Amino acid sequence: MQVQRVQSYTSFQANIPKVISPIYKTQQSKSNTVAVLGSSKATNDILKYMDMCSSSVKNMILDGKNIITGCCTLGIMGAAFNTAKQCSKKNEEGKPVQNLAIVTKPLWGDEDLDNCVILASANSEAERIEMFSEVADTMVLFVGSAGTLQEATTLISKNYYGKKEDKKKIILVGKDFFKGLIEQYNKLYETGLIKCKPSELFTVVDSEEELAQIIER
């Protein structure tokens, strides 16, 4: 599997930018870009979140926003990617210009490199979340595995320790799924280990309507 990933990446690497173009780092672009994170696998328990993700991304695209994902075509991330691919405006070459992506190298093999605008490649999941932060002011995290929890805590920590002007709008989708994380941050606040309420660092929603309202604030 590892050899296949390396070969797949090598065949496409010439077309992947080494660094993110400055046009995607402008404040105007960042405020208009939403990063969507979550599971790259589809299970029966998350189908409702996949549907919510697809519907939400469609509305965001039609509202003129850009969507950025990891280019995965499966699970939550796939729901976001595929919807953005279908609904995005196209350039002269037929490329969906509102469907942005940052891939990891070597590739996993479930990417659709032809139907998105690839901004750059990352050497790890940790580096990719940093890159997402460079180009998007809004981070939407749906249910996912250990990687999603790592991404959530990384982003929340950046909100807490970072500069005020770099603070992101972090939205966790799934109150039951993120219940343990919410309780942990509440405990940190109650014991004085963090100085601000968790609600100042992130927002938790459970419906498409709530998600839309927070994004538009």
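Does LYS58 satisfy being of a type in the set (D, E, K, R) and part of a loop (DSSP other than H, G, I, E, B)? Against the criterion (of a type in the set (D, E, K, R) and part of a loop (DSSP other than H, G, I, E, B)), LYS58 does not qualify.
What pairs can you find where one residue is in the stretch 134-149 and part of a helix (DSSP H, G or I), the other is charged (D, E, K, R), and their Cβ atoms are less than 7 Å apart, with a gap of 6+ or different chains? Close Cβ pairs satisfying both conditions: GLU134/LYS25; VAL135/LYS25; VAL135/LYS30; GLY147/GLU125. Output the residues belonging to the stretch 155-165 that are in contact with a helix residue (DSSP H, G or I) (Cβ under 8 Å, 6 or more places away or on another chain) and either at pLDDT below 95 or aliphatic (A, V, I, L, M) (or both). Within the stretch 155-165, LEU155, ILE156 qualify. When only residues in the stretch 115-154 that are out of contact with any helix residue (DSSP H, G or I) (no Cβ under 8 Å at 6 or more places or on another chain) and within 17 Å of ALA80 (Cβ to Cβ) count, which is surrounded by the fewest Cβ atoms within 10 Å (Cβ to Cβ)? The qualifying residue surrounded by the fewest Cβ atoms within 10 Å (Cβ to Cβ) is SER145. For the stretch 55-67, the set of residues classified as in contact with a helix residue (DSSP H, G or I) (Cβ under 6 Å, 6 or more places away or on another chain) and buried (at least 21 other Cβ atoms within 10 Å of the Cβ) consists of SER56, VAL57, ILE61, ILE67, listed by residue number. Restricting to the stretch 104-145, name every residue that is within 21 Å of VAL173 (Cα to Cα) and of a type outside the set (A, V, I, L, M, F, W, C). Selection gives GLU125, ARG128, GLU130, SER133, ASP137, THR138, GLY144, SER145.
Out of all the residues in the stretch 37-55, which are closer than 23 Å to THR153 by Cα and in a helix (DSSP H, G or I)?
Matches in the stretch 37-55: ASP45, ILE46, TYR49, MET50, MET52, CYS53.
Evaluation of TYR9 against the conditions (1) at pLDDT below 90; (2) under 21 Å from ILE170 (Cα atoms) shows that the sole unmet condition is (2). For the stretch 61-117, filtering for residues that are modelled with pLDDT under 95, among the polar types (S, T, N, Q) and touching a Ser or Thr at 6+ places or on another chain (Cβ under 8 Å) leaves 1.
Residue-level analysis places ILE61 outside the set of residues that are in contact with a Leu (Cβ under 9 Å, 6 or more places away or on another chain) and β-branched (Val, Ile, Thr).
For the stretch 179-191, does any single residue satisfy the condition of being farther than 28 Å from PRO22 by Cα, buried (at least 20 other Cβ atoms within 10 Å of the Cβ) and at pLDDT 95 or above?
So the first thing to find is which residues in the stretch 179-191 are farther than 28 Å from PRO22 by Cα, and the list is 179-191.
Add one more test, that the residue is buried (at least 20 other Cβ atoms within 10 Å of the Cβ), and what stays is 185.
Narrowing the set further to residues that are at pLDDT 95 or above leaves 185.
Yes, the conditions are met somewhere in the stretch 179-191.
Is it the case that some residue within the stretch 80-93 is part of a helix (DSSP H, G or I) and in contact (Cβ under 8 Å) with a residue 60 or more places away in the chain? Checked the stretch 80-93: no residue is part of a helix (DSSP H, G or I) and in contact (Cβ under 8 Å) with a residue 60 or more places away in the chain. ASN186 meets each of the listed conditions (1) in contact with a helix residue (DSSP H, G or I) (Cβ under 8 Å, 6 or more places away or on another chain); (2) touching a residue at least 24 places away in the same chain (Cβ under 8 Å) apart from (2).
Which residue is nearest to the chain's Cα centre (by Cα), if the candidates are limited to the stretch 163-203 and must be under 30 Å from THR26 (Cα atoms) and assigned to a loop (DSSP other than H, G, I, E, B)?
Here the answer is LYS168.
The values are calculated or read from the model by the stated rules, or taken from the named source; none is laboratory data. What you see is a predicted model, and the numbers here were worked out from it, not measured in a lab. Ideal geometry is used to build each Cβ from the backbone, glycine not excepted, and the neighbour counts take in all protein chains shown.
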